[in-house]
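A quick write-up on the structure given underneath.
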Amino acid sequence: MLIIADPGVDDAFALMYALHHPEIEVVGVINGYGNVSQQHSVRNTWYLLKLAGQDEIPIILGASKPLTGDPPEYFYDIHGKDGLGSLSPDTPGHITVYPFSKAYELIARHGAELTIVNLSRLTTLALMYLHQESNINLVKEILVMGGAFHVPGNVTHLAEANIYGDPLAAKIVTTHGTNLTFIPLNVSNRAIITNDIVSHLSKNSASPFAKIIHPIMSHYSTQYEKMIPNINGAPLHDVTLFSYLLNPGRYHDIKRQIFVVETGHSKGLTHADFRPVPNVKKEYPEHTIIIEFDPEFFLKDFIEVMNNTLTYRA
């Protein structure tokens, strides 16, 4: 997998899941922006890779601002002052980073065995379609955390953060992308890790991440409690992408054309025609939308992976 990320608490847990899972090989992490700045994204990715003993995985620079030309908006209030809850990782004197072209090298090397997982704003992914060196169509599949279909957004009442943060990039991806799967808020909002589970993993997990689970999650959960009283935890949006890849039978999808509103009151809105016989725009791609899943299985799978066992498989 080649991961595009902006950790961020839920991105951090997604990276933990991927790095901890014996069936996943992470070949690179492209660092964008969104939850945090690109600078913090790089630092937090380095910290997680180092803690996992996998700091040989290349850290690649992606986009640092949206294609719209608007200044990027960050969400430190939700994710903590450095992006990892109440944790403040040590900053090394130097972090080795690779230029964007490294992504094309990895695609060329791994080809149809490679899955791209986009956890951040879609700017970097859009650039991968537009660049003259682009070979992105060689990859097996692309997963995108983003969108909200007939459910409220999490930045506005209509829009999900990754789409709202750069709707022009999202339009480019939905227009030019092939073999795309979107995991929207319809699913990810319900992937809630409770405070009891956080406490259990902190005390009992064999993961090298066990000691940071509570400080990363505590601030995040507190902020979600302010937005959604009595939630007793918080959703780990980005983990759902990896859970889906490893357990597709636990998720239900529908294939539709996806459209993005770029400007105005509905900026960032994703919409599709969900009627039994939808209207179809000619020469426009159809994508997969995950619309339902098994929340109980998601929790079991997450706990098993973080405990370094794989009892629950689809």
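Percent relative contact order of region 1-144, based on C-alpha pairs within less than 8 angstrom and at least six residues apart? Intermediate values should be presented prior to the final figure.
Numbers: 254 pairs, mean separation 41.7, N = 144.
Relative CO of region 1-144 lands at 29 percent.
Can you tell me the accessible area per residue over region 128-225, all protein chains present, probe 1.4 angstrom, in square angstrom?
On the way: 3870 Å² over 98 residues.
For region 128-225, the solvent-accessible area averages 40 Å² per residue.
For region 221-310, the residue among P276, F302, Y251 whose Cα projects farthest onto the positive side of the dipole built from Cβ charges is P276.
Based on Cα contacts under 8 Å between residues 6+ apart, region 96-153 shows a relative contact order of 41 percent. When the pairs K102/K282; K171/K226; K50/K300 are compared against a 30 Å limit on Cα-Cα distance, K102/K282; K171/K226 fall above it. For G28, nonlocal amide neighbours, meaning residues 5 or more places apart or on other chains whose placed amide H falls under 5 Å from its own, are I3.
In debye to the nearest 20, how big a dipole does the chain give about its Cα centre with +1 on each Lys and Arg Cβ and -1 on each Asp and Glu Cβ?
Values: 22 positive and 31 negative charges, 48 e Å.
That gives the chain a dipole magnitude of about 240 debye.
Here the chain carries DSSP beta bridges of which approximately 35% are antiparallel, counting only pairs with both residues inside.
The mean sequence separation of alpha-carbon pairs under 8 Å and at least six residues apart, normalised by the residue count of the chain, gives a relative contact order of 20 percent.
If the chain between Y104 and Y129 were fully stretched, how many nm would it gain, using 0.36 nm times the residue separation less the Cα-Cα distance? Present the calculation step by step, with values, prior to reporting the outcome.
Working: separation 25, 0.36 × 25 = 9.00 nm, distance 1.10 nm.
Here the segment from Y104 to Y129 would lengthen by 7.9 nm.
Remark: spin-label model distance D77-T91 equals 2.4 nm, labels positioned 7 Å along the Cα→Cβ axis.
Whole-Hz Karplus values for region 114-120 come out as 9, 10, 9, 10, 9, 9, 10 Hz, taken residue by residue from phi with 6.51 cos²θ - 1.76 cosθ + 1.60 and θ = phi - 60°; glycine and proline positions read x. For region 39-135, just say rounded, prolate or oblate: build the C-alpha gyration tensor, square-root its eigenvalues into a ≥ b ≥ c, call rounded for a/c under 1.5, and beyond that prolate if a/b exceeds b/c, oblate if not. The shape class here is oblate. For Y98, the residues whose amide H sits under 5 Å from its own are I59, I60, L61, ignoring neighbours fewer than 5 places away on the same chain, with H placed 1.01 Å from N. When a 1.4 Å probe is rolled over the protein heavy atoms, the share of accessible surface on region 174-277 that falls to carbon and sulfur comes to 54 percent.
Model label points for S64 and A206, set 7 angstrom from Cα along the Cα-to-Cβ axis, are 4.2 nm apart. Each of (i) 0.97; (ii) 0.93; (iii) 1.07 is a candidate for Rg/Rh (Cα atoms, Kirkwood Rh); the one calculated from this structure is (ii).
The values are calculated or read from the model by the stated rules, or taken from the named source; none is laboratory data. Note that the structure is a prediction, hence the values are computed from the model and not measured. In this analysis, Cβ positions are derived from the backbone assuming ideal geometry, glycine residues included, and neighbour counts consider all displayed protein chains. Note: accessible area is taken over every heavy atom of the protein model, side chains too, but ligands, DNA and RNA are not part of it. Shrake-Rupley method; radii C 1.70, N 1.55, O 1.52, S 1.80 Å.
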